[in-house]
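Written below as structure tokens is the structure these notes are about.
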Amino acid sequence: IRYDRITYVDGNIIVTGNVHIPFGDFDIYADRAIVNPDSRDIDAMGNIQLYRRTRMAGSVTPEELMRLENSAGNAVQIKEVTTDLFGNQKINVDITYVDSKVRAERLSGNLNTGYFQFTKAELSFGAMVGRAAEGVRKPNGIITLKDAEVSSCNYLESHNSHYSVSAKEMELTP
């Protein structure tokens, strides 16, 4: 865990200022968080950002490599460079990128199970964006949103969507 300040209260760790909590394929950023190191329960507040990273390996051209390296949020590791009989280079790489994110006012849950509750959320996963008054991410990755709106139009992120689906409750499988 990274932070600016730390205190301990009744077995809980309280971190404040530029909090970063990596776990598995996820990163949580917040202004403040309370973490129980035994149960791995977490309660985070203020400017919550939850990112899910995906890793993949592949073979790319030098042009594709440049595009991948210049894309925000990508981490590219070069494994091997090969050249075919015609002088064409292929570069074998491992790529880590953010494939989904949640921004919220508050996030509570468990780092072991991956069960999280969040309030006043904005979500992005694949080609979809959305927002909801509250939501739950279950350990199997399914997200249930309440008072929600989703769209495949990125204008929704700036509150200018021209089409979207709204519901009192919806279940998403990113």
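The values are calculated or read from the model by the stated rules, or taken from the named source; none is laboratory data. As the structure is a prediction and not an experimental result, all values here were calculated from the model. We place every Cβ from the backbone using ideal geometry, glycine too, and count neighbours over all the protein chains shown. Note: areas computed on protein heavy atoms with side chains; ligands, DNA, RNA excluded. Shrake-Rupley method; radii C 1.70, N 1.55, O 1.52, S 1.80 Å.
Normalised by the number of residues in the chain, the mean separation of alpha-carbon contacts (under 8 Å, six or more apart) gives a relative contact order of 14 percent. Local charge for ILE34 was computed over the other residues whose Cβ lies under 14 Å away, with Lys and Arg +1 and Asp and Glu -1, and equals -1. In a DSSP loop and with at most 16 other Cβ atoms within 10 Å, the trypsin sites (Lys or Arg not before Pro) in the stretch 31-133 are ARG40. Estimated from helices alone, the mean residue ellipticity of the chain at 222 nm is -1500 deg cm²/dmol (sum of -39500 (n - 2.57) over DSSP H runs with n ≥ 4, per residue). Per-residue 3J(HN,Hα) values for the stretch 6-22, derived from phi via the Karplus relation 6.51 cos²θ - 1.76 cosθ + 1.60 with θ = phi - 60°, read 9, 9, 10, 9, 6, x, 9, 9, 10, 10, 9, x, 6, 6, 9, 10, x Hz in sequence order (x marks Gly and Pro). Solvent-accessible area of the stretch 31-121 (1.4 angstrom probe, protein heavy atoms only): carbon and sulfur portion equals 49 percent. Would you please classify the overall shape of the stretch 6-95 from the alpha carbon gyration tensor, given that a ≥ b ≥ c denote the square roots of the eigenvalues, rounded means a/c under 1.5, and beyond that prolate means a/b larger than b/c while oblate covers the rest? Cα axes put the stretch 6-95 in the prolate bin.
The order of MET45, MET56 by accessible area, most exposed first and with a 1.4 Å probe, is MET56, MET45.
Label 7 Å along Cα→Cβ of ASP10; the stretch 30-74 residues with amide nitrogen under 16 Å? The answer is 34-43. Checking the cross-link filter: which lysines have an alpha carbon closer than 30 Å to that of LYS101, excluding same-chain neighbours under 8 positions apart? Cross-link targets: LYS79, LYS120, LYS138, LYS146, LYS168. Quick check: from the Cα gyration tensor, does the stretch 106-167 come out rounded (a/c under 1.5), prolate or oblate? Taking the square roots of the gyration eigenvalues as a ≥ b ≥ c, the stretch 106-167 is prolate. Computed about the Cα centre, the dipole magnitude for the chain is approximately 140 debye when only Lys and Arg (+1) and Asp and Glu (-1) carry charge, each at its Cβ. Among residues other than GLU169 with Cβ under 11 Å from its Cβ, the summed charge is -1 (Lys and Arg +1, Asp and Glu -1). The coefficient of translational diffusion for the chain, derived via Stokes-Einstein from the alpha carbon Kirkwood radius under 20 °C and 1.002 mPa s, stands at 119 µm²/s. Taking all Cα pairs closer than 8 Å and separated by 6 or more residues, the relative contact order of the stretch 81-174 comes to 18 percent.
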